Amino acid sequence: MKRPGSRKTVTAANLADLGAERLAEILVEVAEAQPTIKRRLRMELAGEVGPEDLAAEIAKRLAAIETRRSRVHWRKYKEFVRDLSLQRAMISGKMAAQKPALALEFLWRFLDMAEGVLRLTKDEKGEVEAVFLGAVEDLGPIAAAAKGSTTALAERAFQALETDEDEIFVRLVEIILPALDAEGIARLRQLLEAAIARRGRPKPALRAAVQALADAQGDVDGFIATITASEALQPWTGAQIASRLTAAGRATEALAALKRSAPPAFADLARSQARVVASAPSLKAWEDAYLDALEANGQADAAQAVRWTAFEQRLSADRLRAYLKRLPDFDDVVAEDKAMAFVAAFKSFPAALRFFLAWPTVSQAAALVLARSDEIDGDDYEGLEAAALALEGRHPLAASLVYRAMIARTLRFNRRDRFADAERWIADLATLAPQIAEFGDFETHSDFVGRVGHSPQA
C-alpha cells in the first residue's frame, strides 16, 4: 500500500502512470528550455531509426566540440560534463549495441578530442577527465565486439599512446589486450619499441605499454629489458622483475634480482634472514616476491624465518597466518600461543591492540587494555572508539578504560571539537557501569565521573 503523497514522487513508475502521450508533451515542453535534454531526445529518436542516423547526430555534436575555441565558463561546467557524458553513453551504449565497428570509430574520434577539451576546461574536480578515462575503458569490449583488424587496432592504439600528453591512455594496452591477437600484440610492441628507440628517453606510458605487451607474450627478458640498471636496484622494481622470473621457473635469478634491490633492512641478507621491515607498499611487494622466490627455490625454512621475523618486527597478521599455515598440527597451536604472548608484551601498545582486534581475539585485547591501561593514547579517537565498541559486549571494564582515556585526553587539552563526543562517551560509560561486577584497582564509574566532571561543557 502506497503512503499518502508517494504518487507525487518523481519515479519511473509514477511517471509511467501519466501515459505516453502526456509524457511526450511534457518532454517536448521541457526540451524547448533545456538544450541538453533536447539533444538527448533527438539522439534517442535517431537511435531508434538506426545506427547511421544516430552517428549523424553524434557527429554534428562532436564537430561542434572539436571546433570550439572559447573556454568553458565555470557556470557551464556541469552542463558541459553532462554533454560529454551523453556523447560517450550514446556511442558506447546504443551505437555499440547496434554496430560496434562504427561505435569504435566514433569512440576514437571522441577520445581524440580529449587534449583540446581539457585545454578549454578548468577541470579542478576532474569530472571532464573522468568522462574520457571512462571512454578509454569502453574501448576494450567495443573493440572485441567490432572484430576488426587487430593490426589496425594496434596501429590506432599506438597513435593514441604516442600523442598522449594528458595521461588519458595510461591503461590503454591493458584494456585492449583481450581484443588483440598475437599478430596485433606483436605489431603494437614493434611500433612502441621503435618509438622508444627514437626518443632515447621514452615517456613512462610507452614503456608501461611495452611491459604489458611483454607480459602478454610471456617474455620476461623483454620486460626486464625495459628497465634501467639503476631502476633495477629499487625494491619495487626488483620485486616486479623477481615475480616474473619466479613465475617463469627462474627462481635463482629472481633471488639474485631481489638481493640487488634489497631495501636497507635487508643489507645483511647474505649473513642473516633476521632483519625484515616492509611497512611501505614497495617494501611489502619486495618481501612478497622474496618469499615466493625462496619457496620456489626450495628454501622453505628460510621463508618461514622471514615470515616470523616480519611478524615480530611489525606485528604482521598476514605473515603470522602464513607462518602458522605451514606448520604441522599442534606445532601451529604452540606457535600461535607464543605469538600472542609476544604481542601482549610488544613495545607499541597501539600496534598490539590493533593486532588483537584484527586477528581477532577480543579477549586478548581486553587483557592488554587491563594490563597496560596507562599506555592508552587517548588521542587516537577513531581507533580507540572502534576498539571500545569491539570490547563492549563481553569486556565492559576494558571498554570503559578505553572510553575514559579518550575523555581524559579531551578534557586535559580542552579539545572543544571533541566535547560532544566526550559527552557521548560518558553516556556509554553510564551504560557499561552496571555490567561491571568489580572495578578492582581502577576507579569506579562514579569516582571517575566525579573527578572529570559530569559534562565536558560544564
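The values are calculated or read from the model by the stated rules, or taken from the named source; none is laboratory data. Source: prediction; values computed, not measured. Don't worry about glycine lacking a Cβ; one is built from the backbone with ideal geometry, like all the others, and counts go over all protein chains shown.
So for region 69-85 (the condition being free of Cβ contacts under 8 Å to residues at least 12 places away in the same chain and either surrounded by 13 or more Cβ atoms within 10 Å (Cβ to Cβ) or touching an Asp or Glu at 6+ places or on another chain (Cβ under 6 Å) (or both)), does at least one residue qualify? Within region 69-85, none of the residues are free of Cβ contacts under 8 Å to residues at least 12 places away in the same chain and either surrounded by 13 or more Cβ atoms within 10 Å (Cβ to Cβ) or touching an Asp or Glu at 6+ places or on another chain (Cβ under 6 Å) (or both).
Just the residues that are of a type outside the set (Gly, Ala, Ser), touching an Asp or Glu at 6+ places or on another chain (Cβ under 8 Å) and in contact (Cβ under 8 Å) with a residue 40 or more places away in the chain, please, taken from region 23-64.
Keep residues of region 23-64 that are of a type outside the set (Gly, Ala, Ser), which gives 23, 25-30, 32, 34-45, 48-49, 51-54, 57-58, 60-62.
Next cut, touching an Asp or Glu at 6+ places or on another chain (Cβ under 8 Å) only: 36, 38-39, 42-43, 61.
Result: Thr36, Arg39, Met43.
Residue count for region 33-74, restricted to those that are assigned to a helix (DSSP H, G or I) and either over 17 Å from Arg119 (Cα atoms) or at pLDDT below 90 (or both): 27. Taken over region 225-240, the criterion of being of a type in the set (A, V, I, L, M) and under 23 Å from the mean Cα position of the chain (by Cα) is satisfied by Ala239 alone. With respect to Ser363, is the statement that it is within 27 Å of Glu336 (Cα to Cα), in contact (Cβ under 8 Å) with a residue 60 or more places away in the chain and in the same structural domain as Thr444 (by TED's automatic domain parsing) true? Answer is no for this residue.
For region 246-256, the criterion of being buried (at least 18 other Cβ atoms within 10 Å of the Cβ), touching a residue at least 12 places away in the same chain (Cβ under 8 Å) and among the polar types (S, T, N, Q) is met by at least one residue.
Restricted to region 9-28, and to residues there that are surrounded by 13 or more Cβ atoms within 10 Å (Cβ to Cβ) and more than 39 Å from the chain's Cα centre (by Cα), the residue that is farthest from Lys60 (Cα to Cα) is Leu23. The residue of region 298-313 that is nearest to the chain's Cα centre (by Cα), among those that are surrounded by 19 or more Cβ atoms within 10 Å (Cβ to Cβ) and small (Gly, Ala, Ser), is Ala310.
Within region 78-113, the set of residues being more than 21 Å from Asp164 (Cα to Cα) and of a type in the set (Asp, Glu) comprises Glu79, Asp83. Filtering region 29-39 to residues that are surrounded by 12 or more Cβ atoms within 10 Å (Cβ to Cβ) and either within 14 Å of Met95 (Cβ to Cβ) or of a type outside the set (Lys, Arg) (or both) leaves Val30, Ala31, Gln34, Thr36, Ile37.
Pick out the one residue from Ser316, Ser272 that is at pLDDT below 95, over 27 Å from the mean Cα position of the chain (by Cα) and under 30 Å from Ala345 (Cα atoms).
Going through Ser316, Ser272 in turn, the sole match is Ser272.
Here the condition is being farther than 28 Å from Tyr323 by Cβ, touching a residue at least 24 places away in the same chain (Cβ under 8 Å), surrounded by fewer than 17 Cβ atoms within 10 Å (Cβ to Cβ) and of a type in the set (A, V, I, L, M, F, W, C); of Ala351, Ala408, Ala420, Ala433, it holds for Ala408 alone.
Please specify each residue of region 357-369 satisfying the condition of being outside any loop (DSSP other than H, G, I, E, B) and surrounded by 15 or more Cβ atoms within 10 Å (Cβ to Cβ). Write out each step before concluding.
First pass over region 357-369, keeping only residues outside any loop (DSSP other than H, G, I, E, B): 357-358, 362-369.
Once the filter is applied, which keeps residues that are outside any loop (DSSP other than H, G, I, E, B) and surrounded by 15 or more Cβ atoms within 10 Å (Cβ to Cβ), region 357-369 yields Leu357, Val362, Gln364, Ala365, Ala366, Ala367, Leu368, Val369.
Out of (1) of a type outside the set (Lys, Arg); (2) out of contact with any Gly (no Cβ under 7 Å at 6 or more places or on another chain); (3) modelled with pLDDT under 95, what's the single condition that is false for Ala408? The failed condition is (2).
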